[in-house]
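Here's the structure, in structure tokens; my notes come after.
The values are calculated or read from the model by the stated rules, or taken from the named source; none is laboratory data. All of these numbers come straight from a predicted model, not from anything done at the bench. No Cβ is skipped: glycine too gets one built from the backbone with ideal geometry, and neighbour counts run over all protein chains shown. Calculation scope for accessible area: heavy atoms of the full protein, side chains included, ligands and nucleic acids excluded. Shrake-Rupley method; radii C 1.70, N 1.55, O 1.52, S 1.80 Å.
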Amino acid sequence: MNYEEFSAEKCQSLLHIQEQFKEKINLDSYKNWFYDGESELLRLYNSDEDEIYFRYVPIGTFSLKLRTWMWSWFNTSSIEKSKSQLLAIKEFGVQNNYEKLKEGTFPADEFDGWELSAICLHLLNGIGVYKVNSGELEKYMLLMQIENRDSPEVIKFKKQTIECGKHGYSRPAFVCQHLDLETPKGFEEAFDTEKGMELGEEDDFQAWCSDCEKIRLQHDGWNEESEKHTGITLICENCYFELKDFNLTR
Ligand SMILES: [Zn+2]
Ligand SMILES: [Zn+2]
């Protein structure tokens with residue numbers, strides 16, 4: 001079977017499965033979504049009571065700007081451990097010489113996302129597919145199972161996170177009151193950070209501007225006096241890394 005025949009068959013099958021899946025869990029009734037790459041959980045919700053959790057495997061992303069597809073196994077900024085499952089898709093692509101399954105990234109269109117998701121659903125035994133849009137990226141997720149709301153994973157997920165108006169639930173981070181997305185002010189950190197990195201029990205994402213750094217040095221570190229100027233503010237991890245990108249001047 002060539003790739004066109006194979007993918008057309010899987011798309012037909014996805015249409016059928018996805019329709020039943022949507023109906024069964026009333027998928028379209030949920031207005032909001034949030035996913036956490038670390039716990040690999042997707043939460044769909046309308047309120048704290050009206051919610052559902054899924055365990056997911058990241059399939060890949062379609063860039064609306066670059067018009068390219070990128071498999072999650074190829075994507076270094078994708079932190080989900082389960083993305084290694086996608087290597088089976090790549091392997092299958094190598095065996096059958098299906099280009100789109102072999103290449104990490106390539107020029108694509110909107111349709112490719114669904115087509116490739118359909119193939120993953122079939123080969124990895126998912127229960128459905130979900131797509132989220134964040135900015136210029138469409139992220140496709142293969143839903144593996146419904147996660148019980150009382151499961152230890154969900155409880156942990158809720159405990160570790162704060163709710164951000166812009167990003168939904170993410171891990172907490174702390175910055176000085178001066179950092180914003182208007183004027184770059186420098187970005188000094190307690191330690192080198194990377195989005196999605198694992199944190200020790202004692203560690204928090206913490207950053208402050210160049211002015212705060214001057215004051216900190218004058219006081220030989222943080223104390224009551226130097227912290228007065230800082231005005232520590234709680235934000236979410238995603239906001240933190242937006243600030244880092246914008247304020248860090250190399
Ligand atoms: Zn500051
Ligand atoms: Zn945020």
Inset, instruction - List every residue pair whose Cβ atoms lie under 6 Å apart, where the two residues are 6 or more positions apart in sequence or sit on different chains, the first residue falls within the range 204-224 and is under 18 Å from residue 183 (Cα atoms) and charged (D, E, K, R), and the second residue, located anywhere, is at pLDDT 95 or above and surrounded by 14 or more Cβ atoms within 10 Å (Cβ to Cβ). - result: 213/188
Inset, instruction - Search the range 142-164 for residues being in a helix (DSSP H, G or I) and of a type in the set (A, V, I, L, M), and hand back the single one that is farthest from the chain's Cα centre (by Cα). - result: 155
Inset, instruction - Check the range 82-91 and report whether any residue there is small (Gly, Ala, Ser) and over 23 Å from residue 157 (Cα atoms). - result: yes
Inset, instruction - Could you name every one of the strands (runs of 3 or more DSSP E) located completely within the range 3-87 that has at least 3 residues being among the aliphatic types (A, V, I, L, M)? - result: 41-45, 51-63
Legend entry - Elements of type helices (runs of 4 or more DSSP H) in the range 210-250, at least 1 residues being more than 16 Å from ligand 2 (Cβ to nearest atom) and either among the aromatic types (Phe, Trp, Tyr) or within 34 Å of the chain's Cα centre (by Cα) (or both): 210-218, 224-230
Legend entry - Qualifying position, being within 20 Å of the chain's Cα centre (by Cα) and open to solvent by less than 70 Å² (accessible area, probe 1.4 Å), among 69, 33: 69
Inset, instruction - Residues being charged (D, E, K, R) and closer than 18 Å to residue 185 by Cα: count how many of those fall in the range 213-227. - result: 4
Inset, instruction - May I ask you to verify whether residue 150 is closer than 30 Å to residue 215 by Cβ, away from ligand 1 (no atom under 16 Å from the Cβ) and without any contact (Cβ under 8 Å) to a residue 40 or more places away in the chain? - result: no
Legend entry - Qualifying residues in the range 159-187 (those that are buried (at least 18 other Cβ atoms within 10 Å of the Cβ) and more than 14 Å from ligand 2 (Cβ to nearest atom)) - the one farthest from residue 234 (Cα to Cα): 185
Inset, instruction - Could you list, in sequence order, all residues of the range 204-250 that are open to solvent by 70 Å² or more (accessible area, probe 1.4 Å) and acidic (Asp, Glu)? - result: 211, 220, 224, 225, 227, 245
Inset, instruction - Confirm whether residue 116 is more than 19 Å from residue 22 (Cβ to Cβ), open to solvent by 60 Å² or more (accessible area, probe 1.4 Å) and in the same structural domain as residue 23 (by TED's automatic domain parsing). - result: no
Inset, instruction - Could you please let me know if residue 191 is of a type in the set (A, V, I, L, M, F, W, C) and either at pLDDT below 90 or within 29 Å of residue 48 (Cβ to Cβ) (or both)? - result: no
Inset, instruction - Identify the residue in the range 101-131 that is assigned to a strand (DSSP E or B) and in contact (Cβ under 8 Å) with a residue 60 or more places away in the chain and, among all such residues, is nearest to the chain's Cα centre (by Cα). - result: 130
